[in-house]
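What follows is a short report on a single structure.
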Amino acid sequence: MRKFSKLIDNYGRIHDYLRISLTEKCNLNCSYCMPNKNVPKNETILPNIVTSNEILFLADYFCQRGIQKIRLTGGEPLLRIDLLQIIKHLNDLKCEYKHFTEIGMTTNGVKFKKYAENLKMAGLNSVNISLDSLKSERILKLTGQATFKHSMAAIIKAIEVGFKSVKVNCVVMKNFNEDELCDFVELTRYLPIEVRFIEYMPFSGNHWELSKLFTFKQMLNIIKNSYPNLICLNENSFNIAKLFQVSGWLGKIGFITSMTENFCAGCSRLRLTADGNLKICLHDNYEVSLVKILRNKMNSHIIDEWCNEKSNYNLKQSMQLNEIYDQLDQIVDQALSKKSASHKGAVQLASSVNRSMVRIGG
């Protein structure tokens with residue numbers, strides 16, 4: 001029986017959270033995420049995109065190396081025609097790897113209501129729904145489509161269906177939506193959700209400027225002035241989100257402070273892009289191809305056979321499989337060794353080369 005080592009970098013950080021982007025396509029055109037409006041939006045799977053078999057094989061590999069949580073992202077995951085099949089296969093891994101306990105998904109919510117119950121039955125545990133304004137005209141300006149009602153309906157449906165966790169992601173931008181902070185906080189009065197305020201981050205093509213950055217401290221000051229009974233729920237700087245709650249309210253609010261108070265010291269995330277590259281850091285342009293190994297002529301048929309007949313795999317095939325694992329171990333461990341202690345500051349990142357957000361996976 002092969003023994004797999006944990007995913008540990010040079011700073012002792014254990015990586016147990018994998019984000020898998022299923023597609024680079026989206027049915028919206030949010031300016032901070034997908035600046036190129038010519039990106040295809042149809043529901044076909046592009047030839048270079050990771051296949052469902054490749055996703056399952058890599059997910060299994062990473063679970064053997066200690067991954068406890070997988071989040072499906074995009075683009076818009078619901079544009080992936082085999083999404084339910086992928087979630088069902090990932091859910092099967094929970095029986096094999098007891099430490100793997102959660103499958104999450106980030107969505108813009110436009111198509112979510114229609115599929116919510118099937119997603120839950122397939123094994124999806126949690127959902128993050130992107131909503132950057134509670135004003136329909138602002139949503140239209142930001143995304144290019146009038147989708148506010150769809151996103152709100154998605155939030156309510158996610159609560160009704162009974163997902164373990166329902167979060168609302170709000171990217172806060174100066175002179176766009178910072179005047180709505182308290183309106184978003186009000187959502188947590190009666191709804192069991194977590195509203196996450198995200199500092200505006202620079203990515204390729206999104207025309208990020210320091211003048212557009214509305215900081216965590218600025219957000220917190222505004223909210224505290226309106227809600228003096230706001231309490232902090234976690235003090236640990238290693239946490240991804242700084243969590244707060246208005247005393248007695250049902251929901252919570254969180255802050256993702258990547259630009260002003262990064263949480264790199266406790267980073268446990270790895271990312272698989274939709275074209276099969278491993279990114280060790282959201283803000284680092286270093287990446288390595290994992291599908292290149294899987295698509296090697298000697299390996300591709302083994303992957304397909306493994307996915308189709310996993311329980312009946314014989315010893316000879318297992319030896320071939322170990323060769324693939326050896327190749328993956330080498331390239332993944334090498335990538336981990338290159339992960340920095342911390343990403344660059346906001347201004348430096350703005351002048352760095354990286355993918356657009358939609359090509360990384362939100």
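Brief remarks follow.
- Lone unmet requirement of (1) surrounded by fewer than 20 Cβ atoms within 10 Å (Cβ to Cβ); (2) under 23 Å from Lys111 (Cβ atoms); (3) free of Cβ contacts under 8 Å to residues at least 60 places away in the same chain; (4) of a type in the set (A, V, I, L, M, F, W, C) for Leu191: (3)
- Residue pairs meeting the criteria (Cβ under 6 Å; at least 6 apart or on separate chains; first within 21 Å of Gly361 (Cα to Cα), in the stretch 87-110; second surrounded by fewer than 16 Cβ atoms within 10 Å (Cβ to Cβ) and among the β-branched types (Val, Ile, Thr)): none
- Residues satisfying the stated conditions in the stretch 224-244, i.e. of a type outside the set (Gly, Ala, Ser), within 15 Å of Arg189 (Cβ to Cβ) and surrounded by fewer than 20 Cβ atoms within 10 Å (Cβ to Cβ): Tyr227, Asn229, Leu230, Ile231
- Condition broken by Cys307, with the remaining ones in (1) modelled with pLDDT under 85; (2) under 28 Å from Asp82 (Cβ atoms) satisfied: (1)
- Check on Phe184, under 19 Å from the mean Cα position of the chain (by Cα) and among the aromatic types (Phe, Trp, Tyr): no
- Lone unmet requirement of (1) of a type in the set (A, V, I, L, M); (2) surrounded by fewer than 19 Cβ atoms within 10 Å (Cβ to Cβ); (3) touching a residue at least 12 places away in the same chain (Cβ under 8 Å) for Leu119: (2)
Okay, residues lined up against (1) modelled with pLDDT under 95; (2) touching a helix residue (DSSP H, G or I) at 6+ places or on another chain (Cβ under 9 Å); (3) surrounded by fewer than 18 Cβ atoms within 10 Å (Cβ to Cβ):
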residue	(1), (2), (3)
Gly12	no, no, yes
Leu22	no, yes, no
Lys25	yes, yes, no
Leu28	yes, yes, no
Met34	yes, yes, no
Lys41	yes, yes, yes
Ile49	yes, no, no
Phe62	no, yes, no
Arg71	no, no, no
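For every residue, the table says whether it meets (1) under 18 Å from Phe163 (Cα atoms); (2) not aliphatic (A, V, I, L, M).
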{"residue": "Asn53", "(1), (2)": "no, yes"}
{"residue": "Leu56", "(1), (2)": "no, no"}
{"residue": "Ile67", "(1), (2)": "no, no"}
{"residue": "Thr73", "(1), (2)": "yes, yes"}
{"residue": "Phe100", "(1), (2)": "yes, yes"}
{"residue": "Lys120", "(1), (2)": "yes, yes"}
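- Taken together, the criteria place Glu186 among residues that are surrounded by 13 or more Cβ atoms within 10 Å (Cβ to Cβ) and without any contact (Cβ under 8 Å) to a residue 12 or more places away in the chain.
- On the stretch given as the stretch 66-119, residues that are more than 14 Å from Leu22 (Cα to Cα), part of a helix (DSSP H, G or I) and under 17 Å from the mean Cα position of the chain (by Cα) total 2.
- In the stretch 128-163, the residues that are closer than 21 Å to Ile103 by Cα and basic (Lys, Arg): Lys157
- Filtered residue count, the stretch 251-275, keeping only those that are within 18 Å of His15 (Cβ to Cβ), crowded, with 23+ Cβ neighbours inside 10 Å and either in contact with an Asp or Glu (Cβ under 8 Å, 6 or more places away or on another chain) or free of Cβ contacts under 8 Å to residues at least 60 places away in the same chain (or both): 1
- Taking the conditions (1) part of a strand (DSSP E or B); (2) touching a residue at least 60 places away in the same chain (Cβ under 8 Å); (3) farther than 20 Å from Val171 by Cα in turn, Leu278 satisfies each one other than (2).
- Tallying residues that are in contact with a strand residue (DSSP E or B) (Cβ under 8 Å, 6 or more places away or on another chain), at pLDDT 95 or above and not in a strand (DSSP E or B) within the stretch 237-261 yields 2.
- Qualifying residue in the stretch 280-294 (condition: surrounded by fewer than 17 Cβ atoms within 10 Å (Cβ to Cβ), farther than 22 Å from Thr73 by Cβ and not basic (Lys, Arg)): no
- Residue within the stretch 125-142 that is of a type in the set (A, V, I, L, M), in contact (Cβ under 8 Å) with a residue 12 or more places away in the chain, in a loop (DSSP other than H, G, I, E, B) and over 30 Å from Gly248 (Cβ atoms) present: no
The values are calculated or read from the model by the stated rules, or taken from the named source; none is laboratory data. Keep in mind that this is a model prediction, so the values were computed, not measured. Because the Cβ atoms are built from the backbone with ideal geometry, glycine has one as well, and the counts that use them run over all protein chains shown.
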